[in-house]
Structure formats: structure tokens, C-alpha cells
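The values are calculated or read from the model by the stated rules, or taken from the named source; none is laboratory data. Computed from a prediction, not measured in an experiment: that's the story for all the values here. When we count neighbours, we look across all protein chains shown, and the Cβ atoms used for this are built from the backbone with ideal geometry, even at glycine.
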Amino acid sequence: MDETQMIENKTLVDKLYSLRAGLSLVAVKNDEIEHHENVLRNIKNEKYTKKTKLNNKRNQLIGARWQAKEKMWAINNEIYYRSAFLKKELKVGSRFKRVFNTFFEFFEESLWLFFTFLIWVTAIIIPIIAIYDAVQCGKMKKELKQLASQLRTDTQIEEEWKNSEEYIRLTKAIEEVEIKIADCESEKKLFYDDKVKRIESKEAIIKETCDCSISLHNALISEYSSTLDQRDWSNIDLIIYNVETGRADTLKEALQQVDNYRNTEKIVGAIKTATQAICNTISMEQDRMIRLVNNCTDAVNSRLSTIDSSVKDLIKNDEMQYAMQRKAKLTSDELVKEVKELREKII
């Protein structure tokens, strides 16, 4: 290979690296658009939850207040049913039945003794049992008297409940929450006003990024399609690799080798090898890459000013450099697919 051919190959490779940097920037722009779209979806899906939370808190306080009242009713019901039971036990019929049952329980396991000593045992046991029952009745009457002083009517329970510290505390807390709920109406309006502004702001950012991305891609086409046909941009990595390693002396030979890889189904392994080599070059030869990125940035900005005068901010060197590093591990085929995805989404 003569010196002229070597210079042409170096120029070709440099331009292809610059083109790769430009495609990387478009791919990064595509990532930015997806990020902003996700944020926009989240904004649109936002709900004004403050009022809902306050309503839930109020319902919890009302429930707690009701449960506390239910406890008072439960205690009163226990007193009521216990009193009813004692009154029933103190009736003559119940007392006679209790004495009779106690008498026969005493002899249930010794019936022969019952029949033998029925007369004199009856004379002794029944008075003892009667005395015992009288003592029990006395206890029940005392308990019944105590319960009667504790038993409350519905009206009394209601009054005691409303005068209790717990009712006052919970009611005050409920009233405070209800005031906040009422204030939510004006805050809710402010929330939706702010939500509309954020949506409009995010939509403007997305549109601006989309316009910039399309203009950037058009500038790349205008600048580099004469170096390499746009239909072959997905093969940039293989072309660079074949030329840099001396496997091809010209662009035409490099493209022929790409076709050969495809025909022999070795394309996947070849692309992997080429992309890994390019990734290493981007990482190791930083000075060279900075120079090529600067060349690409200058060329793209020059084309942008011609293609789209509405582009406000020109591409910066560090922006292009960041994109090249970030997308270094992607194959040129993957970069082209991301660019195609972006164009299909926008146009």
C-alpha cells in the first residue's frame, strides 16, 4: 500500500470514528427523550393525594371514637346481663330448684344411703343447704345492688361518653382534620395549576430535544453520506476494523468483506470483535478521539446552521465526547437501530 492510500485510509477511518461519535450523540438524545417521556407520564399520572390522606385520617379517628364508645356499651351490656341473671337466680322457683338439685347431688353416688337415711338426713341436710343458699342469695343481692349502681341508661351512656376525655380529644382531632380538608380545595387547584405548568414544560423539552435530534441526524447525513453511504452506516465498526488492521486496503474492499461475513454467517462474531477493538481504541487513544470529536462537532455545527437555523444551542465538544464514551460498547448496527427508532417515533 502506497503512502497516498495510507493517508486516504487514515482520513476514512477518522471520518468514520467522527460519524460514530455523531450517531452516539443521536442515540444519547434518544435516551434523553425516553427519560423525559417517562417523567411526563409520571406527572400526568400524579394524583392529588393530600385530600385523600386527610379523609382516610378522619375516617380512622371517627372509627377510633366509635370503638371507644362501643367499649362503654359492651361494659354496660355485661352489667345488664349479669343483673338479669342474678334477678332470675333470686326468684323463689330458682331457689327451690337449686336447693333440690344440691340435695340430690349430695346423694347421687350413694342411692342406697339415700333410701336408708332419708328421714333423718332430710331433717339435717335440707336446713344446711337452705342456710347455704341463703348465704349465696345474700352475696347475689349485694352484687346486684352494686351492679344496679353501675348500670346506665342509653341517655346516661351518651352523656358520659360526650363528656369523656377520649371523646373530646378525638372530636377535636376530627375537627382539625376537617378544616384541613376544606383548605384542600384551594390547594388542589394550585396543585393542578402546577401540574399543567410542569406538563407544558416537559413537553417543550421533549419537542426541543426531538427537533435537535432530527436536525443532528440530518446534519450527519449531509456531512458524512459522501464518505459512506447511509445504508452502510450499520457496518462502520467492521469497516474501521478491517481498514485499521490492514485486512482491507480500500473502502470498497472493506464493504466486500462485510458482504462475505454475511454470506458465511460469520457476521455476529466479526461485529463483536470489531466493536471490542473500537471500544478499546476509544478508551486508549483519548487524544486522538478528542481531536476527532472536535472535528465532528465543528462539522455538525456547520451543517446545523445551514440545515436548521431554528436550532438554538449548537453541539458542544464535551457533549459529543460524553456520548462517544457512553455508547462505545454498542455496535454500529445497534447505534443505527436506535437512530432509526428515534426517527420513526418522531416523524
- Expected output for region 1-25 (first residue touching a residue at least 24 places away in the same chain (Cβ under 8 Å), partner part of a helix (DSSP H, G or I) and of a type in the set (Phe, Trp, Tyr), Cβ below 8 Å, 6+ apart or cross-chain) is Lys15/Tyr224; Ser18/Tyr224; Leu19/Tyr224; Leu19/Trp233; Gly22/Tyr224; Leu23/Trp233
- Query: Can you tell which of Ala74, Ala27 is among the aliphatic types (A, V, I, L, M) and loosely packed, with under 15 Cβ neighbours inside 10 Å?
  - Reply: Ala74
- Message: So the check is Cβ under 6 Å with 6+ separation or different chains; which pairs have a first residue in region 215-235 that's assigned by TED's automatic domain parsing to the domain that holds Val26 and a second one that's of a type in the set (Asp, Glu)?
- Response: Ser215/Asp308; Ser234/Asp333
- Residue hits (region 143-153; without any contact (Cβ under 8 Å) to a residue 24 or more places away in the chain and either small (Gly, Ala, Ser) or more than 14 Å from Glu78 (Cα to Cα) (or both)) are Lys145, Ser149
- Out of Glu223, Glu253, Glu203, which single residue is surrounded by fewer than 15 Cβ atoms within 10 Å (Cβ to Cβ) and touching a helix residue (DSSP H, G or I) at 6+ places or on another chain (Cβ under 7 Å)? Glu203
- Note on the structure: (1) exposed (fewer than 13 other Cβ atoms within 10 Å of the Cβ); (2) part of a loop (DSSP other than H, G, I, E, B) all hold for Arg152 apart from (1)
- Message: Return the pair list, or none, for Cβ contacts closer than 7 Å from residues in region 171-190 that are in a helix (DSSP H, G or I) to residues that are aliphatic (A, V, I, L, M), at least 6 apart or on different chains.
- Response: Ala173/Leu61; Ile174/Leu61; Ile174/Ile62; Val177/Leu54; Val177/Leu61; Lys180/Leu54; Ile181/Leu54; Cys184/Leu54
- Message: Considering only region 20-30, I want to know if a residue exists there that is in a helix (DSSP H, G or I) and more than 30 Å from Ile346 (Cβ to Cβ).
- Response: no
